[in-house]
Amino acid sequence: MIKSWLIVSAASFFLELFGVSWDSVDEKIAEEFPGVAMLETSELQAQLRSAATPAPVLVDVREANEYRVSHLQSALNLQSAQDIAARFPDPDTEIVVYCSVGYRSAAVARELESLGYVRVHNLRHSIFAWANQGLPLVNANGATDKVHPFNRAWGSLLEKSRHQYPQ
């Protein structure tokens, strides 16, 4: 857990200091997690709509307060590779992880791969891209279009009208 916090803190500092863009996020993820397989939102949406194949396990690796604001329907809130592995011990389980922009989830995806998981994907641009495209989100009260922006730097990648901090 401390390791994940340090990764997020370092990334947040870097983005605050140098600005943020999808290109800078993509470059940082590619540099830090080069082997992690990425999945586009359109690909995930097609998988979730298809009756031909079982849906992948969706895992939201954000903090609980972020998850409570919104998440993808059927996504579980598990924040570490160890938590995911305990819940899904079969390393052949198809798993899609996401966070706000894809950085934290890339770290978890890499860790799952190091544990022997072979069908792990990181959702490219994660919940921010999903929300910005107007795709469905839920919370405990039902459908929503709001997302926790994490902080000012990361939140600049999320449409302002979708920002919501926990009440």
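Summary table below
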{"item": "Boolean, Ala107 is modelled with pLDDT of 95 or more, within 13 Å of the chain's Cα centre (by Cα) and over 20 Å from Pro34 (Cα atoms)", "result": "no"}
{"item": "Segment 38-64, residues that are under 20 Å from Val101 (Cα atoms) and part of a loop (DSSP other than H, G, I, E, B)", "result": "Glu40, Pro56, Val61, Arg62, Glu63"}
{"item": "Qualifying positions in segment 69-99 - in contact with a strand residue (DSSP E or B) (Cβ under 7 Å, 6 or more places away or on another chain), in a loop (DSSP other than H, G, I, E, B) and among the hydrophobic types (A, V, I, L, M, F, W, C)", "result": "Leu72, Ala75, Leu78, Phe88"}
{"item": "Tally of residues being in contact (Cβ under 8 Å) with a residue 24 or more places away in the chain, under 25 Å from Asp23 (Cβ atoms) and under 17 Å from the mean Cα position of the chain (by Cα) across segment 138-158", "result": "10"}
{"item": "Segment 85-118: number of residues that are surrounded by fewer than 23 Cβ atoms within 10 Å (Cβ to Cβ) and basic (Lys, Arg)", "result": "2"}
{"item": "Hits in segment 48-68 (condition: touching a residue at least 40 places away in the same chain (Cβ under 8 Å) and out of contact with any strand residue (DSSP E or B) (no Cβ under 6 Å at 6 or more places or on another chain))", "result": "Pro54, Arg62, Asn65, Glu66, Arg68"}
{"item": "Which listed residue, of His125, His121, is within 18 Å of Leu58 (Cβ to Cβ), buried (at least 18 other Cβ atoms within 10 Å of the Cβ) and in contact with a Gly (Cβ under 8 Å, 6 or more places away or on another chain)", "result": "His125"}
{"item": "Test: Ala86 is at pLDDT 95 or above, among the hydrophobic types (A, V, I, L, M, F, W, C) and in contact with a Leu (Cβ under 9 Å, 6 or more places away or on another chain)", "result": "yes"}
{"item": "All positions within segment 134-155 that are in a loop (DSSP other than H, G, I, E, B), modelled with pLDDT of 95 or more and either touching a strand residue (DSSP E or B) at 6+ places or on another chain (Cβ under 8 Å) or surrounded by 12 or more Cβ atoms within 10 Å (Cβ to Cβ) (or both)", "result": "Leu135, Pro136, Asp145, Lys146, His148, Pro149"}
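The values are calculated or read from the model by the stated rules, or taken from the named source; none is laboratory data. Just so you know, these numbers come straight off a predicted model, no measurement behind them. All Cβ positions, glycine included, derive from the backbone under ideal geometry; neighbour counts span all protein chains shown.
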